[in-house]
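This report concerns only the one structure given below.
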Amino acid sequence: MLCGGAMTAEYFGERAHISCQTCGKGAVFPFPPGCLTQFDRSELPAAFARWLRQLVKRTIAGFCHVCAGRVDGALARLPGGTEANPKPSQAAFECQRCGGGMRFSGATLATFHPQVESFFFEHDLHLLAGHASRAWSRLDRFDSETLETDPPRLEMTFAHGGETLTAEIMPDATIRTVQRYATDS
């Protein structure tokens, strides 16, 4: 994760568990059991990362990962907590058909926006080799700012190699604007 600790990838209960051995932060998400036998053990962390990316993409496009029903999103939590125990922002998506849902951090939501993915790609920060936090930990700057609390709006900032990119997340968990500009060195 951002602390730079070693990542572990586990699978149980039909869910992938990616977590940092140092701080314990990570992600848990559904992963089809039929896919396990298609990858060597060493390939599973990257397979988990690719699967998570497609789950995020499908969800933010408005489709349930279970039944393909419509999902609606909302910023459920703004960043906060303490320095010792930070709480990341969270976007929640609920299916109107089956009631299923997914939750992602604002950072995850923003990272998989096409313009943000392009920023990472152009800076040789690989998102599909493992959990996105590995790429985040290599950034020169990575943070979030609460722009408003009622209704909630959030801005994610990613900076690397003399460029900064900001993504504004709206109350309905959509990305309103993405701005990319040169950073003074």
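Numbers for the structure displayed
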read-out	value
Bins of 10 Å from zero: percent of alpha-carbon pairs in the range 1-108	14, 40, 35, 11, 0
Distant alpha-carbon pairs in the range 86-134 (separation over 16 angstrom), percent	51 percent
Dimensionless Rg over Rh [the chain; C-alpha; Kirkwood]	0.95
Amide proton proximity set for Arg153, modelled H, under 5 Å, gap of 5+	Leu147, Glu148
Convex hull volume per residue for the range 73-114, taking Cα atoms only, in Å³	77 Å³
Residues whose placed amide H lies under 5 Å from that of Lys25, excluding near-sequence neighbours	Cys20
Relative contact order, percent, the range 39-151 [alpha-carbon distance under 8 Å, six or more residues apart]	24 percent
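Here, each number is a calculation from the coordinates, and none is a lab measurement. Please read these numbers as outputs of a predicted model, since none were measured by experiment.
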